[in-house]
Amino acid sequence: MKKIGFLSFGHWSPQSRTRSAADALLETIDLAQAAEQLGADGAYVRVHHFARQLASPFPLLAAIGARTKRIEIGTAVIDMRYENPLYMAEDAGAADLIAGGRLQLGISRGSPEQVIDGWRYFGYQPAEGESDADMGRRHAEVLLDLLRGQGFAQPNPRPMFPNPPGLLRLEPYSEGLRDRIWWGAGSNATAVWAAKLGMNLQSSTLKNDETGEPFHVQQAAQIRAYRAAWREAGHTRTPRVSISRSIFPLVDDRDRAYFGRESGQQDQIGYLDEQTRAIFGRSYAAEPDALIAQLKADEAIAEADTLLLTIPNQLGVDYNAHVIEAILTHVAPALGWR
């Protein structure tokens, strides 16, 4: 395990310690700073629309980039069914430049949302013969092409400002961002598709239940299929793979009060829609020695190079910094971190 970061959904409600959208945004910035000081490697956010959660990632990522110096900043994931890839390329380029090239942008076709076909309210609909998932993947391919930085737009012969020669590209352009795009894959097939296009892989705490095996076994097989497809595609760089886990070392009475009942959890089976059976990975909560033994038996953790810790952001910055510190201090070294 080379890198460990946190992943926040940015939940907020008047009944929690994170009571408003402003609280969720500002506390995420504060937690990213705290995580950097603790030595963590990444600060990631999840994007959900029509929900009391984080929804507009680029202002937040730019703010985190301006307030930190080392930590990776990213998403896991942005639903591409809702995105204009041209506008997104400009926003991503700006956020990456502000952060000094630290943006790790996770994108995907998305998961079930709060409203029916929410992307339609954003002005998008699948082309004839497309599904919404196809549309999301098409938007992703357009984004990848734009991030190559090649000119494509015919310049005005009488521009307001002088143009460089040739066709124009979107600005601002951030060199190297194309290699830091990740695809959130829910199936083995989409992981292979991402490898062929040269995207890094993100695999979360759920995936399609394709074999009936335990979640971590299926996820490890997905990672191996992805890496095999990467080699077959002939890419020259080494890809990165992240997985997400809910992990809580029980080191004080607060931990035991919040998560002591989580120990012994099992994977869960559910349905993302009428056709898609999904398996949801278990949470881990135990005393550090027992936790280390459990995590060492997780095949997907052994296969991945990056671990994203899903955090209970509504418990506040101080408590979540405590959880991150406990993992980095008591658990991570035994998993090969640093």
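Computed over protein heavy atoms with a 1.4 Å probe, the accessible surface of the chain works out to 47 Å² per residue. When peptides 117-123, 244-250 are sorted by average Cβ neighbour count within 10 Å, with the highest value leading, the order is 244-250, 117-123.
Here the peptides 293-301, 214-222 are ranked by packing, the mean other Cβ count within 10 Å, and the order with the highest first is 214-222, 293-301.
Taking a straight Cα-Cα cut-off under 15 Å and skipping sequence neighbours fewer than 8 places away in the same chain, the aspartates and glutamates within cross-link reach of LYS196 are GLU141, ASP145, ASP179, GLU232.
Per-residue Karplus couplings for region 9-23, computed as 6.51 cos²θ - 1.76 cosθ + 1.60 with θ equal to phi - 60°, are listed in order as 7, x, 4, 8, 7, x, 8, 10, 6, 9, 8, 8, 4, 4, 4 Hz, Gly and Pro entered as x. Here r is the Cβ-Cβ distance between TYR258 and PHE161 and R0 is 45 Å; the resulting FRET efficiency, rounded to 0.05, is 0.20. For region 79-220, the C-alpha radius of gyration sits at 1.21 times the compact-globule guess of 2.2 N^0.38 Å, with N the residue count.
When only Cα pairs below 8 angstrom with a gap of at least 6 residues are kept, the chain shows a relative contact order of 20 percent. Relative to one another, the C-alpha centroids of region 41-114 and region 223-244 are positioned 22 Å apart.
Using the Karplus relation 6.51 cos²θ - 1.76 cosθ + 1.60 with θ = phi - 60°, the per-residue 3J(HN,Hα) values for region 153-168 come to 9, 5, x, 5, x, 10, x, 5, 10, x, 9, x, x, x, 5, 9 Hz, with x marking Gly and Pro.
Using 0.36 nm per residue and subtracting the Cα-Cα separation, the extra length available between ARG237 and ASP117 on full extension is 39.5 nm. Couplings for region 84-99, taken from phi via the Karplus curve 6.51 cos²θ - 1.76 cosθ + 1.60 with θ = phi - 60°, read 8, x, 6, 4, 5, 4, 5, 4, 5, x, 5, 4, 5, 5, 4, 7 Hz in order; Gly and Pro are left as x.
In this structure the amide hydrogen of ASP267, modeled in the peptide plane, comes within under 5 Å of the amide hydrogens of ARG282, none closer than 5 places in sequence on its chain. Using equal-weight Cα scatterers in the Debye expression, the normalised intensity of region 19-69 in log10 at q = 0.24, 0.29, 0.30 Å⁻¹ is -0.92, -1.20, -1.24.
The values are calculated or read from the model by the stated rules, or taken from the named source; none is laboratory data. These numbers were taken from a predicted model, which means no experiment stands behind them. Positions of Cβ are generated from backbone atoms using ideal geometry, with glycine treated the same way; all protein chains shown enter the neighbour counts. In case anyone asks, the SASA skips ligands and DNA or RNA and just uses the protein heavy atoms, side chains included. Shrake-Rupley method; radii C 1.70, N 1.55, O 1.52, S 1.80 Å.
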